[in-house]
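Enquirer: Have a look at this one before I ask anything.
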Amino acid sequence: MEDTDPQIVADHLVASNNFGKATYDRTLRYADGYEEVHQVTSIGPSVTIFGMVEDDPDSVIKVIIVKEYKEGIGRRHLACPGARISTIEDAIDAATRRLLQETGYAPRPPSPHHPAAIPLGKGPYMARSAIDEVDIVILRNCHKVAEPQLRPRESVMVFHYDLVTLLNLIRCNEISDVHAGNATLRALLHLGWFTLQLPSK
């Protein structure tokens, strides 16, 4: 934190639900003594899942994307699958559990020398209004092993998109979550399928 960054004075709980999501009025004090209140959200520990289908009949690697209702935009929207992380599991456990529940897919090692799950660490959720970061996990070689086990009133549609289509959806703002784009970029960089060309000085 820089010396000029505002200091947190107080958090006042506004609302919460049974799934760990909470909204706060956060009072900030700036270096000149000025105070103002911002509404911030906490979703608790969570993970974004970059699930890869590598034995697609078209012989094209695809990514698992879900379409579900989003409260903020008031309609169904595309996103990477995600999960809240319980106190008895880590990010990989939560990602594997939730992908199976939400889509019926489970990962398996693509080869003896490659793991089925790769943690990429944390990335930003919504930097403007959220106070959490989100873990990012790649799940490799996913295949369908069961029917989804959704919660009551939960409705999720499952799609597979090739990488070019996925990147175009992100570019056109059809993928709703900031961290979905971040997860995709970091996954592609990790897998070596995308490189950054930095300008020379």
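The values are calculated or read from the model by the stated rules, or taken from the named source; none is laboratory data. Since this is a predicted model, take the numbers as computed values, not measurements. Note that we place each Cβ from the backbone using ideal geometry, even for glycine, and neighbour counts take in every protein chain shown. Please note that ligands, DNA and RNA were not included when accessible areas were found on the heavy atoms of the full protein model with its side chains. Shrake-Rupley method; radii C 1.70, N 1.55, O 1.52, S 1.80 Å.
Enquirer: Please report the antiparallel percentage of DSSP beta bridges with both residues in region 51-141, rounded to the nearest 5.
Expert: Once the DSSP bridges in region 51-141 are tallied, antiparallel ones form about 95 percent.
Enquirer: What is the local net charge at residue 29, summed over the other residues whose Cβ is closer than 12 Å to its Cβ (Lys, Arg +1; Asp, Glu -1)?
Expert: Combined, the nearby Lys, Arg, Asp and Glu give -3.
Enquirer: What length, rounded to one decimal in nm, is gained on full extension from residue 34 through to residue 153, with 0.36 nm per residue of separation minus their alpha-carbon distance?
Expert: Gain in length upon complete extension: 38.3 nm.
Enquirer: Angle between the Cα long axis of helix 91-103 and the longest principal axis of the chain, 0 to 90 degrees, nearest 10?
Expert: Between the helix axis and the principal axis of the chain, the angle is about 60 degrees.
Enquirer: Using alpha-carbon pairs under 8 Å, 6+ residues apart, how would you state the relative contact order of the chain in percent?
Expert: On the way: 394 pairs, mean separation 42.8, N = 201.
Dividing the mean separation by the residue count of the chain yields 21 percent.
Enquirer: Could you check how much of the accessible area of region 1-114 is carbon and sulfur, as a whole percent, using a 1.4 Å probe?
Expert: Whole-percent figure for carbon plus sulfur exposure: 50.
Enquirer: Once the convex hull of the C-alpha atoms of region 109-162 is built, how many Å³ does it hold per residue, rounded to a whole number?
Expert: 156
Enquirer: Okay, moving on. Starting from the Cα gyration tensor of region 71-155, take the square roots of the eigenvalues, sort them a ≥ b ≥ c, and report rounded, prolate or oblate (rounded when a/c is under 1.5, otherwise prolate if a/b is larger than b/c, else oblate).
Expert: Verdict is oblate for region 71-155.
Enquirer: Let's test the formula: R0 of 25 Å, r as the Cβ-Cβ distance of residue 164 and residue 129. What FRET efficiency results, to the nearest 0.05? Spell out each step's value before the answer.
Expert: Values: r = 31 Å, r/R0 = 1.25.
Result of the calculation: an efficiency of 0.20.
Enquirer: I want to check the label-to-label distance for residue 116 and residue 189. Put each point 7 Å from Cα in the C-beta direction and report it in nm to one decimal.
Expert: With each label placed 7 Å out from Cα toward Cβ, I get 2.8 nm.
Enquirer: For the chain, what is the mean residue ellipticity at 222 nm derived from helices alone (per DSSP H run of n ≥ 4: -39500 (n - 2.57); sum divided by total residues; nearest 500 deg cm²/dmol)? Don't jump to the answer; show the numbers that get you there.
Expert: Numbers: 3 runs with 36 residues, N = 201.
Using -39500 (n - 2.57) per qualifying helix, the result is -5500 deg cm²/dmol.
Enquirer: Okay, next question. Between region 146-192 and region 1-62, what is the C-alpha centre distance in whole Å?
Expert: Taking the Cα centre of each part, region 146-192 and region 1-62 sit 19 Å apart.
Enquirer: Compute the angle between helix 178-191 and the longest alpha-carbon principal axis of the chain, please, reported from 0 to 90 degrees and rounded to the nearest 10.
Expert: Long axis of 178-191 versus the principal axis of the chain: about 50 degrees.
Enquirer: Find how much the distance from residue 54 to residue 15 grows on full extension, using 0.36 nm per residue of separation minus their present alpha carbon separation; answer in nm with one decimal.
Expert: The span from residue 54 to residue 15 would gain 9.9 nm if fully extended.
Enquirer: Taking amide H positions as placed 1.01 Å from N in the peptide plane, with prolines and chain starts having none, which residues 5 or more places from residue 46, or on another chain, fall under 5 Å of its amide H?
Expert: Here the answer is 85, 135, since their amide H atoms fall under 5 Å of that of residue 46.
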